[in-house]
1. Over all distinct Cα pairs, what is the inverse of the mean 1/r for the stretch 40-92, reported as the Kirkwood hydrodynamic radius in Å?
2. Can you compute the modelled spin-label distance between residue 82 and residue 40, with each label point 7 Å from Cα toward Cβ, in nm?
3. Which whole-number percent gives the relative contact order of the chain, counting Cα pairs below 8 Å spaced six or more residues apart?
4. For residue 72 and residue 52, compute 0.36 nm times the residue count separating them, minus their Cα-Cα distance, and round to one decimal in nm.
5. Suppose a student asked you for the relative contact order of the stretch 40-92, using Cα pairs under 8 Å spaced at least 6 residues apart; what percent would you report?
6. Go ahead and set up a Gaussian network model of the chain, Cα springs under 10 Å, then flag whichever of 12, 35, 23 fluctuates most.
């Protein structure tokens, strides 16, 4: 589903204008970005959890050469889907 298709569907389902839905989606995106930087976790009921995590440095292997390389520590964003969404989509 493209952004345009999503905006059209949301506008139809909610009764808002497409431009208003786009403004809300942009606001939500901005809110997620800034909140994740400050609080490191965002829970979206019925969808899942965005979480900022630190990954430790580790040893890895270059698949082309087989050479052992060091992978630096870094910060990553993870998204964990709630069980209810998994069950609904996967039909469990």
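Read the figures in this text as sums done on the coordinates, not as results from a lab. Since the structure is predicted, the reported quantities are computational estimates derived from the model, not experimental observations. Note that we place each Cβ from the backbone using ideal geometry, even for glycine, and neighbour counts take in every protein chain shown.
1. Working: mean 1/r = 0.0730 Å⁻¹.
Every distinct Cα pair counted, the radius reaches 13.7 Å.
2. Rounded to a tenth, the inter-label distance reads 2.4 nm.
3. The normalised contact order for the chain reaches 19 percent.
4. Details: separation 20, 0.36 × 20 = 7.20 nm, distance 1.67 nm.
Answer, rounded to one decimal: 5.5 nm.
5. Contact order relative to length: 36 percent.
6. Sorting by GNM fluctuation, first place goes to 12.
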